[in-house]
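Okay, so here's the structure we're looking at.
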Amino acid sequence: MKLSRSQMLVSLLLSIAILGGCKDNPPAAEACVTGPNGGNPVIIVGGLFLSTAANDLFLGNAIRAQGYTYCILELKGTEELGELPGTMNIAVSGLALAAFVYDVLEWSGATKVDLVGHSQGALASRFYLKHFGGQATVDKMISLAGPNKGTSSIPLLDFFVGPVLGAFGVECEGVEPCVQMQIDSDFITELNAGDMTPGSVEYFAFYTNNDELVWYWDEGPFGIPIVKFDNAELGPGATNIELGEMCPFRWVGHVGMIADPVPIEMTLDALAGNPISVPYLLCWLPPVVL
């Protein structure tokens, strides 16, 4: 496959990022598993701290069982933080995704891919779509618990990620993505400026009302503060579904969005182009509450 001008630009920019401390992408031949169904390769873009193995365990294996060619890309991490996925600027992960998509297309011979982005991985996917030519190479983009309109506060993130970052002597406020993912951050404001669902890509946003990380305070009846979770939505151009619409009273947490059978079933429907539905009996399996 001959590289286009935009592909060469992405390769050049990624080379600069690598020289600045960004670990190179794995080759598509190593990061991907070939499936027999001949559809678009599916790229899972992982979330904060989550390794390839964590994304492969349930979500990846479910996608493979449907016969898709699929690949997993971890977010980029800084050397100072042991290259923990998701600790480098989200824009760098978006740039790395652009290079990885071109590699997957060349390796597979496909013309488009489908993206499944969990948590911060949804933001990296959207950054690629908006800034690095993704609208021409992506058919479907599925956000799983993505903080698409930002999340509430650094103290909240510190509560969950602090024990990990504390081993390196830093707090969440000192890590770029923690700041970028806040509501009204410069990153979120720019990412959402204009159309949140640009191009002819088919967008989906699946989320849970029991998310420990993606939520915000709003004013309820009589001025009483209430917690809302619709900051995970992608606006009117997307299919936005909270898990409770499929399975009332089901309790699924943030990490559960890549491990629980209900969001996985919804993801498989979206990839197959089917109406989003969940078999009744699936709703009664033990949920993944984390």
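All conditions but one from (1) more than 26 Å from GLY67 (Cα to Cα); (2) of a type in the set (A, V, I, L, M); (3) open to solvent by 10 Å² or more (accessible area, probe 1.4 Å) apply to LEU123; the one that does not is (3).
Quick one: which residue in TRP284, TRP251, TRP217 is farther than 29 Å from ASP139 by Cβ and under 21 Å from the mean Cα position of the chain (by Cα)? After applying the criteria, what remains is TRP251.
In the set (1) touching a helix residue (DSSP H, G or I) at 6+ places or on another chain (Cβ under 8 Å); (2) under 18 Å from MET266 (Cα atoms), the condition left unmet by LEU50 is number (2).
Against the list (1) touching a Ser or Thr at 6+ places or on another chain (Cβ under 8 Å); (2) more than 30 Å from ASN210 (Cβ to Cβ); (3) open to solvent by less than 10 Å² (accessible area, probe 1.4 Å), the condition GLN135 fails is (3).
Restricting to the range 54-69, name every residue that is open to solvent by 10 Å² or more (accessible area, probe 1.4 Å) and either closer than 19 Å to PRO263 by Cβ or in contact with a Phe, Trp or Tyr (Cβ under 9 Å, 6 or more places away or on another chain) (or both). Of everything in the range 54-69, those that are open to solvent by 10 Å² or more (accessible area, probe 1.4 Å) and either closer than 19 Å to PRO263 by Cβ or in contact with a Phe, Trp or Tyr (Cβ under 9 Å, 6 or more places away or on another chain) (or both) turn out to be ALA54, ASP56, LEU57, PHE58, ASN61, ALA62, ARG64, ALA65, GLN66, TYR68. Of all the residues in the range 94-111, those that are touching a residue at least 40 places away in the same chain (Cβ under 8 Å) and in contact with a Leu (Cβ under 8 Å, 6 or more places away or on another chain) number 7.
The values are calculated or read from the model by the stated rules, or taken from the named source; none is laboratory data. What you are looking at is a predicted structure, and each value in this text was computed from that prediction instead of being measured. Cβ: placed from backbone, ideal geometry, glycine included. Neighbour counts: every protein chain shown. Heads up: the accessible areas ignore ligands, DNA and RNA and are worked out on the full protein's heavy atoms, side chains in. Shrake-Rupley method; radii C 1.70, N 1.55, O 1.52, S 1.80 Å.
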